[in-house]
Amino acid sequence: MTATTPPITVPGDKSIAHRALMLAALARGASRLLNVPAGLDVLSTQRVLRALGVTILRQAQDDNGVDELIVHGSGGALVAPGTPIDCGNSGTTIRLLAGVLATRGLTVTLDGDGSLRARPMRRIAAPLAAFGTQIELSPGGTAPFVVHGNAHARGTQVEVVVPSAQVKSAVLFAALGAHGRSRVTGQLATRDHTERLFDAFGIACAADESGALVVDGPQTPQATDFSVPGDVSSAAFLLAAAAAVPGARAVVEDVGLNPTRIAFFDVLRRFGAEVEVHASDGGPEPRGRVAVRGAVLHAIVVEPAEVPGLIDELPLIGVLGAFARGTTVVSGAAELRVKESDRIETFARAARAIGVEVETSEDGFSVHGPARFHDGAIVTAGDHRIAMAFAVAGRAAEIAVQLDDPECVAVSFPNFAAALDSVA
Ligand code: S3P
């Protein structure tokens, strides 16, 4: 099915890019990072690292707005700016950075936009306290917050109680600066980019026989050259646009195929679409080409255990449910309520606006399909994944979908509209 469909590329993976930038910033020596996405979230990470004294030079930018960067590592010698650091809309930036700063001798205030200020931060403050780090949160447990880093932190045992890669990663970054052995236990079955990039930057971090992640600190990353694969969570929107239309096709190349991120391919198959995956490179972050052919879809049930592997794709799965015969059910996904918006409510409100029947619960939603779609105006709540999911709905259902804030896609996929237009 791939022979006649022109392949599309998507911007580099933002989860991977945040981590590569932070490790390069802590490294000794200069790292060359290729295919770094120029979405606003990754620009936020660059801005905060520069504010901490790291030199990041942009070597080139291609037509897709993709950057090649040289990062001159600080060797760990960060400097505190006199003013609060603005992390924009990016939860990964603020939470991972809190981990980086937790075991360095600086006091820094971290802040973000209105959406980021509404998101929970006790989930990082509590585990980072195990390193003797004091984090003063705003009332309500949110940003802005002050990190009083502890340069004399000792390695420690930390249990991650929220199934969140951001929390796990914050603890792993803190362990790099602590003296002695840290063991990280608990909810670790989330995306594993930090573990893989630690390896790429020469950091020893291994799972012991009980599955705990063990880091002997302090460790300084070694500068390296690294190319970021395309973002599979961005590709998902293009693949879904094809999946929902019988006979339509989309081929995305050079996209990340990390096993902790590709559960969505299986979801597309369960809905009834045809999916082909060709891995091309086994590097620290596997990558390759994915092709999807659309079909008449039937409803699926997403089990709670699947949620961490699909967390960013759940609104899009709800949209696909509207095209599928039967009731598509997502449960065990209360985390959706604390994303860039309350994605259970924003999804349901947007779906109803175009004629989709949805019921919500505390931790998920049910969608009845196939919907009798009609034109509608969508309140995105400034949430990029809601905007992209409903642009896909509009295209696949051939209805006019008016987004109140189409620009919000820029945090992860600035050229999204053009890429969606190129799906056959
Ligand atoms: C991310 C982890 C996920 C995901 C977010 C990026 C990461 O968040 O939703 O888009 O890069 O670690 P949680 O860790 O809060 O689940």
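Where a number appears in this text, it was derived from the coordinates with a stated rule and is not lab data. If you're wondering where the values come from, they're calculated on a predicted model, not measured in any experiment. Cβ atoms come from the backbone with ideal geometry, glycine included; neighbour counts cover every protein chain shown.
Summary of values
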{"read-out": "Projected label distance in nm at residue 399 and residue 68, using a 7 Å step from Cα toward the beta-carbon", "value": "4.6"}
{"read-out": "Burial ordering of 22, 121, 388, fewest other beta-carbon atoms within 10 Å first", "value": "121, 22, 388"}
{"read-out": "Isotropic mean projected area of the C-alpha convex hull, the chain (nm²)", "value": "18.2"}
{"read-out": "Over 28 Å [Cα-Cα, segment 14-227], rounded percent", "value": "20"}
{"read-out": "Extreme residue, positive dipole direction of segment 232-421, given options 333, 279, 365 (C-beta unit charges)", "value": "279"}
{"read-out": "Alpha-carbon spread of segment 290-424, three principal axes, descending order, Å", "value": "34, 32, 31"}
{"read-out": "Residue exposure sequence - 238, 78 - by fewest surrounding Cβ within 10 Å", "value": "78, 238"}
{"read-out": "Neighbour-count ranking [beta-carbon atoms within 10 angstrom, fewest first] of 231, 13", "value": "231, 13"}
{"read-out": "Centroid-to-centroid separation of segment 379-424 and segment 205-256 [C-alpha atoms, Å]", "value": "22"}
{"read-out": "Segment 136-177 versus segment 291-328: alpha-carbon centroid distance in Å", "value": "33"}
{"read-out": "Among 239, 109, 143 - extreme Cα towards positive end, dipole of the chain, charges at beta-carbon", "value": "109"}
{"read-out": "Unit charges on C-beta of K, R, D, E only; dipole of the chain, Debye", "value": "660"}
{"read-out": "Proximal charge balance of residue 378 [Cβ under 11 Å; K/R count +1, D/E count -1]", "value": "-2"}
{"read-out": "Separation in nanometres of the label points that stand 7 Å from Cα toward Cβ, at residue 151 and residue 34", "value": "3.8"}
{"read-out": "Net charge of neighbours whose Cβ lies under 14 Å from the Cβ of residue 85, counting Lys and Arg as +1 and Asp and Glu as -1", "value": "+2"}
{"read-out": "q = 0.24 Å⁻¹: log10 I(q)/I(0) that the Debye formula gives for segment 212-309, counting C-alpha atoms only", "value": "-1.25"}
{"read-out": "Neighbourhood net charge (9 Å Cβ-Cβ; Lys/Arg +1, Asp/Glu -1) for residue 279", "value": "+1"}
